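The values are calculated or read from the model by the stated rules, or taken from the named source; none is laboratory data. Given the structure is predicted, the values throughout are model-derived calculations rather than measurements. Reconstructed Cβ throughout: ideal geometry from the backbone, glycine too, with neighbour counts over all protein chains shown.
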Amino acid sequence: MTNLIKRKKAERRFQLYGIFAVSLSLLFVLTLIVNIFSSGIGGFYKTSFLMEIHFDQKLLKLEDNPSSEQIEDASFRKLISYNFKENFSQYSKDEIKQIKKLFYRKIDKETQSYLLKNPQYLNQKVELLFTASTDIDQIHKGNFNRNIPEKQRSINNFQLGIYDQFIETGKVKKVFNKRYFTSGDSRDPESAGVASSVMGSVFTILICFLLSFPIAIFASIYLEEFAKSGKVTDLIEININNLAAVPSIIFGLLGLGILLNFFGLPRSTSLVGGMVLSFMTLPTIIVACRSSLRAVPPSIREGALALGATKNQVVFHHVLPLAMPGTLTGTIIGLARAVGETAPLLMIGMVAFIMNVPSTPLEPAVGMPAQIYLWSESAERGFIEKTSSAIILLLIFLIVVNFVSVYFRKKYEKKW
Amino acid sequence: MFYPVLFLLLLSVVGFYLNKNKSVYLSKNQKLASLPAYYGYLAFLYIFVPAIIIWLGLLIGKSFILQNYLILTLGDSLSVMNSDEINLFMSKVKNLSLGISFGNETDLEKFAAEKIISFDKIFSLLTYLVLTLSSILAFLIARKKVIPNFKSQRTVEKIVNRFIQICSLIAILITLGIFLSLVFETLNFFSYVNPLHFLFGLNWSPNKAFVIDSAETIDKDILRDAFGIIPLLGGTLLIAFLAMIVAIPLGLMSAIYLAEYAPKKIRDFSKPVIEILAGIPTVVYGFFAALVVAPKIVMLGKSMGFEVSSESALAAGLVMGVMIIPFVSSLSDDVINAVPQSLRDGSYALGATKSETIIKVILPSALPGIIGSFLLAISRAIGETMIVVMAASLQANLTINPLEPATTITTQIVTALTGDTEFDNPKTLVAFALGLTLFFITLFLNYFALKIVKKYREIYD
């Protein structure tokens, strides 16, 4: 009798272990996602200060009705320091310098772009929004504890006082950070954006798709429909299986050794990145395509053959279109994996500091995950938030892609 | 760079329609051996295939021709340089021709850059000329074949079949490429360092090779204990082991619970959610390990009185383990589901509880498959790069203490090859030797895993 109770207890215990394991795994997913989202969502916003600017014509040395070239050539330094003196006239020179540090370093460029967009501001006093410096931005978002001793923070007590004053007078605003989506990388977290890396990833994936998709389909057709079983076919099969298991960094070494060093293709470009990633996605697509080719029932083939089609016509006109949904699902999954792949990009130099948004696959570029890597290595606090934001974008993209692939499968996949 | 391809496609499509129209016209009076479209396809293939091969050849040969052209035109001034200087000169001139200037170029370099620009123009003009000529020639040949008794369908299908056969060979070519590039550079590396010192050395300090660089003489005695792989192997195995400690129990127990106990609703929800872990890019895990997990572990260690490094093997190992959970669980799930129901029924009939059935019947019979999945997971852990690059240390440390920093093979490959890469010193070449080692380790593990899984499958099918 005691034995039975013991066994039942053991049974319950075992089941509890299982529940524990599953819930712990689910907890990991939750922690990861909550952590990334909570630390990154702020990166889409930036703290800005309202400040009155007097666009004095004389200080800018501009004529009446200046052209945009003239505005571009004008120096806004003097104008800015004049306006700071005006707005904070009760403070000493040294204190004004400290106040200026609450703003983004390139405040003169911001002022300039305001005037470029609105030439009628000339000689007027306008209240405009200016980006706050990354340190104050982090404090405002609560990512940085302002109560630690003064010596340990980059913002001193006087600056904090001014900042509190700004808050009281309602001069602090949280605005959508448009620049994050339109500009490339930068040394300053205030102006760094993901545009160049997103473009780099788009080109890379495009090249990867253009190379791997047709080759994989043709290879699968050959292996599934035409190949006679023999030594060569076996060798191909073994190789495809092996390639699927080779660590991604080895593909990076292949790209470096063969594509860059031997063929002399340009370093750091999406072209090489796409080629390397296509080597990795090839096996995934081949496996998916072959299994969907295999799933097409023989009756389709026999019907077509009976009507007098040649073997090629059977395959290309009847079997392949029916196998397409499954193949596309596999392709999407393979490409989604390639988007997140970082290690091969490190090997071929797609981790450079890229400010310009690339417009062709032959320009130096950086991939989205490589950008995440670069930013995460940066010591500045503002970049940590940027990294999380970039990760959010990447994850959202992957989730969308996965839903699309599931939708595809549900909608078009036929069960015979 | 890709405009010639578009140009060729255009020519081929034009050829297709010209030939098709002619055969349509012919077929009004007499019967053709194939459908008109096949005469069109014939023209398309005849034009496109040889021309694209010519284009690729020109593309590959271009830099070689350029170099020789420059040496010919600048002959005297280049003859005083040695090969290193020529390489430097070439890269500087190429940058200059692309408009990248550092403002310190000599007149000779500027002259050469102008030569390159004019060469580029002539070369691209020549490319188009050659492609057009070959297309016209090919079209004329295809045109002659538009006759009633020529079976163009058969020819087209033969070409297509040959083409897809070549496509299927690419898998072999890639493997060959990996192997050759790794072996070639590894041999290069072994000309500096004795393979035995590499494989059995207990010291990893590649910076020693850096010192030699400046002295310009390579002293093999110093290199002797600079490139020992053992500490890296130790670190790699330590981190993989930690990852397995997390992934194996959690993955296996999740798989068992979801396959045997969980109600359908929970299974349908939990399985895809756990699979999310497999879809998250590794760089995200790396970020998480370095910025969230590692500081927490340091804090926790401090509160318990342990000295924990901020780049401890533990942080990287734990996070890697989380990443591998879905890998273990989905593979084990497949194997557990493959165990025939009759085995379970037999065990229940003898009065065993569910857990006893699982432990004493299902797991033993699924064991080969489960071990196979473990091996695959280990090979995944060993080859994983981003987590360790971001969270593990750079400094080699032969230890089994997970609280100490450790480095891995993949981390060192990345460190050796990011930044300036000059392929004439052992410090960068060692990356390929490490890559080859990694390649063999993972190949070996996968081979074994697949073999075990296959053997198991044969029993029940």
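Mind listing whichever residues of segment B:263-292 are over 14 Å from A:Val29 (Cβ atoms) and surrounded by fewer than 22 Cβ atoms within 10 Å (Cβ to Cβ)? Talk me through it step by step, then tell me what you get.
Here is the first cut: in segment B:263-292, the ones over 14 Å from A:Val29 (Cβ atoms) are B:263-268, B:281-283, B:286-287, B:289-292.
B:Pro263, B:Lys264, B:Lys265, B:Ile266, B:Arg267, B:Asp268, B:Leu291, B:Val292, listed by residue number.
Out of B:Val146, B:Val156, report the one residue that is over 30 Å from B:Leu434 (Cβ atoms), over 33 Å from the mean Cα position of the chain (by Cα) and more than 14 Å from chain A (Cβ to nearest Cβ). Spell out the reasoning first.
Numbers: B:Val156 fails: more than 14 Å from chain A (Cβ to nearest Cβ).
Among B:Val146, B:Val156, only B:Val146 is over 30 Å from B:Leu434 (Cβ atoms), over 33 Å from the mean Cα position of the chain (by Cα) and more than 14 Å from chain A (Cβ to nearest Cβ).
Being over 20 Å from the mean Cα position of the chain (by Cα), within 22 Å of A:Met368 (Cβ to Cβ) and within 7 Å of chain A (Cβ to nearest Cβ) is the filter here; which residues of segment B:268-288 pass it?
B:Ile276, B:Leu277, B:Phe287, B:Phe288, listed by residue number.
Considering A:Ser389, A:Ser376, which residue is under 17 Å from the mean Cα position of the chain (by Cα) and facing chain B (nearest Cβ under 10 Å)?
Working: A:Ser389 fails: facing chain B (nearest Cβ under 10 Å).
Exactly one residue qualifies, and that residue is A:Ser376.
Can you spot a residue in segment B:391-411 that is assigned to a helix (DSSP H, G or I), in contact with a helix residue (DSSP H, G or I) (Cβ under 6 Å, 6 or more places away or on another chain) and more than 24 Å from B:Glu185 (Cα to Cα)? Write out each step before concluding.
Filtering segment B:391-411 down to residues assigned to a helix (DSSP H, G or I) leaves B:391, B:409-411.
Okay, now just the ones that are also in contact with a helix residue (DSSP H, G or I) (Cβ under 6 Å, 6 or more places away or on another chain), so B:391, B:409-411.
Applying the additional criterion that residues be more than 24 Å from B:Glu185 (Cα to Cα) yields B:391.
Within segment B:391-411, one or more residues are assigned to a helix (DSSP H, G or I), in contact with a helix residue (DSSP H, G or I) (Cβ under 6 Å, 6 or more places away or on another chain) and more than 24 Å from B:Glu185 (Cα to Cα).
Pick out the one residue from A:Phe279, A:Phe263 that is within 30 Å of A:Val198 (Cβ to Cβ) and either at pLDDT 95 or above or buried (at least 18 other Cβ atoms within 10 Å of the Cβ) (or both).
Only one candidate passes the filter, namely A:Phe279.
Which condition number in (1) within 12 Å of chain A (Cβ to nearest Cβ); (2) under 29 Å from B:Lys62 (Cβ atoms); (3) buried (at least 19 other Cβ atoms within 10 Å of the Cβ); (4) aliphatic (A, V, I, L, M) is the one that B:Ala138 fails?
It is condition (1) that B:Ala138 fails.
Could you look through segment A:338-373, keep only residues that are at the interface with chain B (Cβ under 8 Å from one of its Cβ atoms) and touching a Gly at 6+ places or on another chain (Cβ under 7 Å), and pick out the one that is farthest from B:Thr385 (Cα to Cα)?
A:Pro369
Out of everything in segment A:134-157 that is under 15 Å from A:Ile99 (Cα atoms) and surrounded by fewer than 17 Cβ atoms within 10 Å (Cβ to Cβ), what residue ends up being modelled with the lowest pLDDT? Walk me through how you get there before you give the answer.
Here is the first cut: in segment A:134-157, the residues under 15 Å from A:Ile99 (Cα atoms) are A:134-137, A:154-157.
Checking the rest, the ones that are also surrounded by fewer than 17 Cβ atoms within 10 Å (Cβ to Cβ) come to A:154, A:156-157.
Working: A:Ser154: 78, A:Asn156: 82, A:Asn157: 83.
Among those residues, the one meeting the criterion is A:Ser154.
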